[in-house]
Every structure is written in structure tokens, then in C-alpha cells.
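See below for the structure under consideration.
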Amino acid sequence: MTAIPAARDVRTTPEGLLWAPSERWVRGRTGGITVVDSRHPVLVWEPGVPVPLYAFPRADVREDLLHPAKNPRTGTHTGSRIFYDVELDEERLENAAWTFPADDLAGHIAFEWFRRSGRGLEHWYEEEEEIFIHPRDPYKRVDAVPSSRHVQVEIDGTLVADTHRPVLLFETGLPTRYYMPREDVRLDLLRPSDLSTGCPYKGTATYWAWPGEGDEPANLVWSYPEPLPAVAAVKDLLAFYNEAVDITVDGERLDRPVTPFTSKRPGQDSRRAESGPAPCSGAPSPRSE
């Protein structure tokens, strides 16, 4: 009888890397060319990085497209020393691949994801679903639950949202997010932003800014126009950064949480107040539309 994989199957290397085998079929493509096609990837967590990446057996990688990096980023990725440029026709993707220095992963190659780092392979697939930014962590959950709680949001003392029909989004490692119908939000007090960010668990978010004169950070409010199926309940609803606004739930004022991404809000002007995380438990990849 085969044992079911569990958190205890995550292994640790002397370098501080965590890794675990995955049973997902994963492909990485760029420029219409499949560079990696693997049914035996491994998930790797680097020290201090909250999201995983994939590494693949060499036999599953188009090594004929890999060439020693002209300008290797030696020492990055947990002390890695072997980097590769990916050459496709006349395009050269610098430092798009590397091998980790751990003996456990010596026969594996990892890749940059373009929508996460701005370089590397553009498109990634698990089975027949395209995934974005980084692999989804199998040890994290994201649940969108309709509720009848009374939720109010104030910014700089102004009531900007008041609803009895929120959707509560519970995501491992982040505070509960309260998604509200647009009819219950004072959109007339907000300014649409040209920022968007991607999340592998929820989709692509669009933003609104608070144009007031206070110290509130930019891009306080976001929505998912086309969320992924697992969180379809938040479609077109609006959420606010708990870290920067005052939220009252059923008459109880919530404390403003401090999260791992408190100093890295997407689109944050460094001259303004401290910012909160992107609305995703993984580091997002901000991009302007």
C-alpha cells in the first residue's frame, strides 16, 4: 500500500532548502517552444522566500537550449553557482535556469518565471491549466466563504464601505480579507489605478487608490474581475488592505495586522506611509496594463 504524501515528506538540505516531490505534470514554454516537460517535478522552498518553485529532472529539460550563462548570478538562489542562459532562435534569456548547490537536487534544473521575476519562461502549465507567478503551495489553503457579517471600512475617518453580505477569504499566512459588493462601497471616493498584480491562487487583481490627503498608501483596494474557479465567489467584489484601513466586524474594531509583506505593497510610493502585502500569500508580480 502506497503512503499518502504529507507535510512530513518535505525534506531539508544542509543549505536550508526544503523540497518535496510533486505528482503534477508540469510544462514550461516560451516563444512557442516547450523547454521543460515533466511528470516528476519537485517543489523547492528557498530560505526566507514564502513561495515555492519547481525544479525538474535533467532528462525532462531541453538541455540543448541551455548554455552556460555569460553573466552568471553566482551566489543567488541559495548560493547556486551554475547558471544557464536559454537560447531560442535569436533570443537569449539570461540566467533563466540554474542548479541548486544541494546534493539532493544535483540532478535537477530550476527556471525563472517571467511573470514573477521579469525574466525566464513565459508560460507554465500544471496538467491542462495555465498557472501564473509561481507554483501553488500544496500546504496552503484559500477558501472564499459567503457571510452575513456586518462589515464596515473607514479610511482616515471616512466610512467607505458598509455591507451585510461580504465574502470572507481565508488564506494561509494572511489575515482574513473581507470582499464586498460594489453597491456597498463608496466607489465615488476612490480613484481607479492602472496597477494590476497576479496571484496563482486567485487570478489577476485590479486596484483603486484613495485620493485623500492622509498618509494612507496607494492602491488600497482591489478586485478580481475574472477570479480562478476555486475562489469564484469573490468575482467583482472589492477588498481593502486590513493593514492600512480601519475595519469593524459585527461592531468590533479589528486591529491592523502586520504581515510578511507589510513593507512591499504593489505600486507603493516610498514617500508615503508603510504599506501592506499584496492580496496573495505568494509574492506578486506587479505590472502596469
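The values are calculated or read from the model by the stated rules, or taken from the named source; none is laboratory data. Only a predicted model underlies this, so the values are computations on that prediction, with no experimental measurement involved. In this analysis, Cβ positions are derived from the backbone assuming ideal geometry, glycine residues included, and neighbour counts consider all displayed protein chains.
Look at GLY120 and say whether it is surrounded by fewer than 21 Cβ atoms within 10 Å (Cβ to Cβ) and of a type outside the set (Val, Ile, Thr). Lay out the reasoning, then the answer.
Details: surrounded by fewer than 21 Cβ atoms within 10 Å (Cβ to Cβ): no; of a type outside the set (Val, Ile, Thr): yes.
Criteria not met by GLY120.
I'm trying to understand the selection: among the residues of the stretch 48-99, which are free of Cβ contacts under 8 Å to residues at least 24 places away in the same chain and of a type in the set (Gly, Ala, Ser)?
GLY48, ALA59, GLY75, SER80
Just name the residue that is farthest from LEU190 (Cα to Cα) out of those in the stretch 120-160 that are part of a strand (DSSP E or B) and among the acidic types (Asp, Glu). Full working, then the answer.
Let us first name the residues in the stretch 120-160 that are part of a strand (DSSP E or B), namely 121, 123-126, 129-131, 142-146, 151-155, 158-160.
Keeping just the survivors that are among the acidic types (Asp, Glu) gives 126, 129-130, 143, 154.
On the way: GLU126: 37, GLU129: 34, GLU130: 33, ASP143: 27, GLU154: 12 Å.
Only one residue tops the list, namely GLU126.
Residues are listed down the side, and each one gets a yes or a no for (1) touching a strand residue (DSSP E or B) at 6+ places or on another chain (Cβ under 8 Å); (2) exposed (fewer than 13 other Cβ atoms within 10 Å of the Cβ); (3) at negative phi; (4) at pLDDT 95 or above:
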{"position": "LEU43", "(1), (2), (3), (4)": "yes, no, yes, yes"}
{"position": "GLY48", "(1), (2), (3), (4)": "no, yes, no, no"}
{"position": "TYR54", "(1), (2), (3), (4)": "yes, no, yes, yes"}
{"position": "PRO57", "(1), (2), (3), (4)": "yes, no, yes, yes"}
{"position": "VAL61", "(1), (2), (3), (4)": "yes, no, yes, yes"}
{"position": "ASP64", "(1), (2), (3), (4)": "no, yes, yes, yes"}
{"position": "PRO68", "(1), (2), (3), (4)": "yes, yes, yes, yes"}
{"position": "HIS77", "(1), (2), (3), (4)": "yes, no, no, yes"}
{"position": "SER80", "(1), (2), (3), (4)": "yes, no, yes, yes"}
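Among the numbered criteria (1) within 21 Å of the chain's Cα centre (by Cα); (2) among the basic types (Lys, Arg); (3) surrounded by fewer than 14 Cβ atoms within 10 Å (Cβ to Cβ), which one does ARG39 miss?
It fails just one condition, (1).
Each row is one residue, and each column tells you yes or no for (1) surrounded by 14 or more Cβ atoms within 10 Å (Cβ to Cβ); (2) at pLDDT 95 or above; (3) assigned to a strand (DSSP E or B).
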{"position": "ASN71", "(1), (2), (3)": "no, yes, no"}
{"position": "PHE83", "(1), (2), (3)": "yes, yes, yes"}
{"position": "VAL86", "(1), (2), (3)": "yes, yes, yes"}
{"position": "ARG92", "(1), (2), (3)": "no, no, yes"}
{"position": "ALA96", "(1), (2), (3)": "yes, yes, yes"}
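The rows are residues; the columns are (1) touching a His at 6+ places or on another chain (Cβ under 8 Å); (2) of a type outside the set (Asp, Glu); (3) closer than 20 Å to VAL151 by Cα; (4) surrounded by 14 or more Cβ atoms within 10 Å (Cβ to Cβ).
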site	(1), (2), (3), (4)
LEU190	no, yes, yes, yes
PRO211	no, yes, no, no
ASP236	no, no, yes, no
ALA239	no, yes, yes, yes
ARG253	no, yes, yes, no
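Regarding GLU23, is this residue in a loop (DSSP other than H, G, I, E, B) and in contact (Cβ under 8 Å) with a residue 40 or more places away in the chain? Steps first, answer last, please.
On the way: in a loop (DSSP other than H, G, I, E, B): yes; in contact (Cβ under 8 Å) with a residue 40 or more places away in the chain: no.
So GLU23 fails the test.
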